[in-house]
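Taking it in order: structure first as structure tokens, then the write-up.
Read-outs throughout are calculated quantities, based only on the coordinates presented, and are distinct from any laboratory measurement. Bear in mind the structure is a predicted one, so any value in this text is a computation, not a measurement. Neighbour counts run over all protein chains shown; Cβ positions are idealised from the backbone, glycine included.
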Amino acid sequence: MPRSLSASLLIIMLILLSACTLPFDEPGATAPPAIIVTPTPRLDATEAVAEVPPTAVPTEIPMGATPEVPSVSAPRLLEQVLARGRLICGVNEDLPGFASPDPNQTGNYRGFDADFCRVIAAAVFGDATAVEFIPLNVSARFRAVVNGDVDVLIRNTTWTALRDTGLQDDQLGLIRLDFGPIIFHDGQRFMIREGLTTTNGQPVVDVAGLFGKSICVIDNTTSTLNLRDQMAARGLPYIPIIKATTDEAFAAYDNEECDAITSDTSQLVGRRVTLSNPSAHTILAEQISREPLAPVVIEHDSQWRDIVSWAIFGTIYAEELDVTSRNLSQALNSSNPDIQRLLGRSGNIGVNLGLTNDFALNIIREVGNYEEIYNRNLGPDTPFDLDRGPNKAWNKGGGGVLSSPPFR
């Protein structure tokens, strides 16, 4: 290589090295553009839930500039409820024992589910009457939650994987919901008219006896899916009579448009008393599914979900500890540390939730513990006399599975 060419290359390399070491803050320096990945903002609790994009989008901004941070201006649900002064709770339109209109007070509802609406109102306001009931049919119930029409849905609703992680709605698209604790362990059964016989002329006593029978079922429910799956698994042909609403399904059954009707046991028990001749119908003992019924809330508001959850846990924990509305004054003087924490005499559980520390005390005083709520609406002194089965505290025997995390 000629010496003059080598010298020229050396000079060029020195110039390039000096340019690479020049600080960006000195005159003449030019900074390269910075690539900052803007995270997808978390949806506010009051917005309809949509799919979150799988990847973030790179945004090029100049060096030294401050990237815009998405702001959430809408208040969380607790703040909205407090500002409104009442809880808005979605319930069944008319399911005796669980939620049915109070004939003595317009707009009021009574029943097991309605009382759990009152539980949450008592936790938030210290007043179980600070609640507005919104009756909802099957097709409207989840939209009401996503659209913010109700603060919580307590409407004999089964907690399923799809409803929790992504349910396709024909109006809203993909929606996701959050669930609170299971308040009623249910299961799907069949109700038939007494005297119904099999194809061999024998009395129908189990699901197998429904071979070839017509069965009424409510559309857009887990009951429809369970009926299809379980009858197929058993190799039992049947004639589905699918109705859009609960009222239509039970009216069709009462008018003998179908041989049997299937739904959650709680619904069969509640609706049987409304039939033209309740004593002429029996519910088969065989159960074809588990139906864990739980309250539904909007996704992406963990504080509100926690409030709903711990309000319900308070009723269960009170039964575990034998604290009732009747012995509350004695319980307040108990030296049991578990009872002291439950009633807010020690600890800051309520304050951590955004409530007062005595929120569970208010629930028990205003509504009662789980056992009191159950017996008042479904127990032996009601027209339903529905055996509690698994719906009792785990430490009370008899197959009870209800339990609360410790209040500590």
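A compact table of results
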item	result
Relative packing of peptides 176-185, 212-221 - highest average C-beta neighbours within 10 Å first	176-185, 212-221
Of all DSSP beta bridges in the range 190-289, antiparallel share, percent nearest 5	50
Interchain or long-range residues, amide H under 5 Å from Gly166's placed H	Leu177
Under 5 Å, built H, 5+ apart or other chain: amide partners of Gly90	Ile134, Asp151, Val152, Leu153, Ile154
Label-point gap, in nm, between Glu79 and Val273 - each point 7 angstrom along Cα→Cβ	4.3
